[in-house]
1. Considering only the range 304-321, I want to know if a residue exists there that is closer than 30 Å to GLY9 by Cβ and either touching a strand residue (DSSP E or B) at 6+ places or on another chain (Cβ under 6 Å) or touching a residue at least 24 places away in the same chain (Cβ under 8 Å) (or both).
2. If you check ALA20, ALA71, ALA41, which single one turns out to be touching a helix residue (DSSP H, G or I) at 6+ places or on another chain (Cβ under 9 Å) and surrounded by 22 or more Cβ atoms within 10 Å (Cβ to Cβ)?
3. Can you list the helices (runs of 4 or more DSSP H) found entirely within the range 185-281 that contain at least 2 residues being of a type outside the set (D, E, K, R), assigned by TED's automatic domain parsing to the domain that holds ARG417 and more than 17 Å from the chain's Cα centre (by Cα)?
4. Hey, does the range 201-212 have a residue that's of a type in the set (Val, Ile, Thr) and either modelled with pLDDT under 95 or touching a strand residue (DSSP E or B) at 6+ places or on another chain (Cβ under 6 Å) (or both)?
5. Among the listed residues ALA343, ALA355, ALA384, which satisfies the condition of being hydrophobic (A, V, I, L, M, F, W, C) and in a helix (DSSP H, G or I)?
6. Of everything in the range 119-157 that's of a type in the set (A, V, I, L, M, F, W, C) and farther than 18 Å from ILE107 by Cβ, which residue is surrounded by the fewest Cβ atoms within 10 Å (Cβ to Cβ)?
7. How many residues does the range 254-313 contain that are in contact with a Leu (Cβ under 8 Å, 6 or more places away or on another chain) and at positive phi?
8. For the range 125-175, enumerate the residues that are hydrophobic (A, V, I, L, M, F, W, C), more than 22 Å from PRO196 (Cα to Cα) and part of a loop (DSSP other than H, G, I, E, B).
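The values are calculated or read from the model by the stated rules, or taken from the named source; none is laboratory data. What you see is a predicted model, and the numbers here were worked out from it, not measured in a lab. Counting neighbours? That spans all protein chains shown, and the Cβs are built from the backbone with ideal geometry, glycine included.
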Amino acid sequence: MKVSVIGCGYLGAVHAASMAELGHEVIGVDTDSHRISELAAHRAPFYEPQLPEILASAGAKGRLRFSTDIADAGGARVHFLAVGTPQKAGGYAADLTFVDAAVESLIPHLAPGDLVVGKSTVPVGTAARLAARVAEGCPGAMLAWNPEFLREGFAVKDTITPDRIVYGLPSDPDHAATAKALLDEIYATAIARDTPVVVTDYQTAELVKVAANAFLATKISFINAMAEIAEVVDADITQLADAIGYDSRIGRKFLNAGVGFGGGCLPKDIRAFTARAEELGRGESVSFLKEVDAINLRRRQRVVDLVIEMLGGKIYQRKVAVLGLSFKPESDDTRDSPALDVAVQLKGRGADVVAVDPKAVPNSMRKHPQLAYTEDLETALSGAHAVVLVTEWAQYRQLDPEWAARLVRRPLIIDGRNCLDPAAWRAAGWTYRGMGRS
């Protein structure tokens with residue numbers, strides 16, 4: 001099938017390349033000429049495992065093209081909307097400027113029978129409004145909502161072999177049947193593998209994504225709240241998480257206490273969900289998400305406080321090595337990154353911060369040029385008065401504590417992700433502090 005993907009940022013670039021890899025003829029469209037030129041050359045404009053390989057593979061087979069001209073989307077039967085929905089400046093609500101602009105620019109190039117498919121995370125009620133606009137602008141064209149559930153670092157896998165697919169379909173039975181048939185053809189490979197497909201209405205499909213993110217954020221903040229208690233009573237949050245994680249109703253995933261969550265989805269999505277609930281007159285239903293957000297932000301401050309405490313309150317001009325800048329490993333994304341936030345806060349307190357990351361240094365430098373950066377771990381550790389691990393890249397999890405001890409000025413480490421073996425580090429002469437660990 002010939003499809004277009006409108007918006008070639010993180011979501012759109014991965015979706016376009018993955019759809020082409022699955023055998024569809026894909027045209028990706030974006031207004032960013034630099035991004036398009038990179039993608040057209042089969043180069044990923046950001047770090048995501050497997051993306052360069054499938055860009056090259058699909059491009060070589062002639063199934064994937066990129067353009068800055070929305071007219072090139074004409075002739076496609078299915079048009080995916082994959083533009084960003086950032087948090088509004090000065091508020092919590094989602095900014096739908098890019099979504100609305102994408103729909104308006106696409107309408108002149110639609111034909112009756114075409115299907116516009118929303119992938120972006122939007123406030124509930126957005127799909128119904130956009131469906132009316134599509135029908136008005138091109139009678140016979142339809143809209144469906146098909147939320148994405150990508151994990152950065154696993155986005156290609158999650159697109160090609162998803163764990164579930166959700167269709168939010170029009171209320172008109174004929175349009176719903178046509179839209180479902182088109183989506184079934186798009187996702188035929190995944191459906192053939194018995195991937196669960198949830199067929200529902202617009203508003204449920206919209207809520208599925210924000211509810212999933214709200215639940216994951218709540219689970220992370222819950223264990224971090226328990227970590228705050230564990231620190232006071234000298235309990236071990238990791239053992240606590242293991243114990244409650246054996247309960248099948250709870251599960252162990254997302255129960256890793258640490259510096260908290262970040263990225264371009266969870267923080268802004270739970271805030272937008274709260275804002276939308278308040279607009280609907282049901283703000284009290286999700287008021288707990290404000291505390292989820294507050295707990296998450298407190299954990300960053302807790303790491304900073306631990307550094308100051310371990311240095312005896314003397315942080316000014318002390319070298320602090322910050323290991324990690326991206327919000328998670330296997331990504332160069334620094335949006336709302338706890339790691340980068342910790343580095344900036346330490347610098348603001350007067351520390352001589354040297355931050356290291358294998359992929360996220362360029363993005364971090366653009367945001368915060370006041371920090372000192374390196375991609376070399378030895379350079380970051382040499383002469384450090386304290387070490388802070390805040391992104392659990394494999395090379396930091398597997399760091400040899402004896403080798404590291406020979407480089408630093410003082411063997412003090414704060415494990416902001418609870419991913420190190422405390423016994424091994426203490427045996428190597430380090431003063432080790434974890435998050436909620438005795």
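1. Checking the range 304-321: not a single residue is closer than 30 Å to GLY9 by Cβ and either touching a strand residue (DSSP E or B) at 6+ places or on another chain (Cβ under 6 Å) or touching a residue at least 24 places away in the same chain (Cβ under 8 Å) (or both).
2. Details: ALA71 fails: surrounded by 22 or more Cβ atoms within 10 Å (Cβ to Cβ); ALA41 fails: surrounded by 22 or more Cβ atoms within 10 Å (Cβ to Cβ).
Among ALA20, ALA71, ALA41, only ALA20 is touching a helix residue (DSSP H, G or I) at 6+ places or on another chain (Cβ under 9 Å) and surrounded by 22 or more Cβ atoms within 10 Å (Cβ to Cβ).
3. Numbers: elements: 188-192, 202-233, 237-245, 266-279.
Because the criterion is at least 2 residues that are of a type outside the set (D, E, K, R), assigned by TED's automatic domain parsing to the domain that holds ARG417 and more than 17 Å from the chain's Cα centre (by Cα), the helices (runs of 4 or more DSSP H) in the range 185-281 that meet it are 202-233, 237-245, 266-279.
4. Taking the range 201-212 first, the residues of a type in the set (Val, Ile, Thr) are 204, 208, 210.
Now narrow it down to the ones that are either modelled with pLDDT under 95 or touching a strand residue (DSSP E or B) at 6+ places or on another chain (Cβ under 6 Å) (or both): 208.
The answer is yes; a qualifying residue exists.
5. Numbers: ALA355 fails: in a helix (DSSP H, G or I); ALA384 fails: in a helix (DSSP H, G or I).
From the options ALA343, ALA355, ALA384, the qualifying one is ALA343.
6. Residues of the range 119-157 of a type in the set (A, V, I, L, M, F, W, C): 122, 124, 127-128, 130-132, 134-135, 138, 141-145, 149-150, 154-156.
Those still in the list that are farther than 18 Å from ILE107 by Cβ too: 124, 149-150, 154-156.
Details: VAL124: 20, PHE149: 17, LEU150: 20, PHE154: 15, ALA155: 25, VAL156: 20.
Of everything passing the filter in the range 119-157, PHE154 is surrounded by the fewest Cβ atoms within 10 Å (Cβ to Cβ).
7. Residues that pass the stated criteria total 2.
8. Restricting attention to the range 125-175, the residues satisfying the condition of being hydrophobic (A, V, I, L, M, F, W, C) are 127-128, 130-132, 134-135, 138, 141-145, 149-150, 154-156, 160, 165-166, 169.
Then keep just the ones that are more than 22 Å from PRO196 (Cα to Cα); that gives 127-128, 130-132, 134-135, 138, 141-142.
Scanning the range 125-175 gives CYS138, ALA141.
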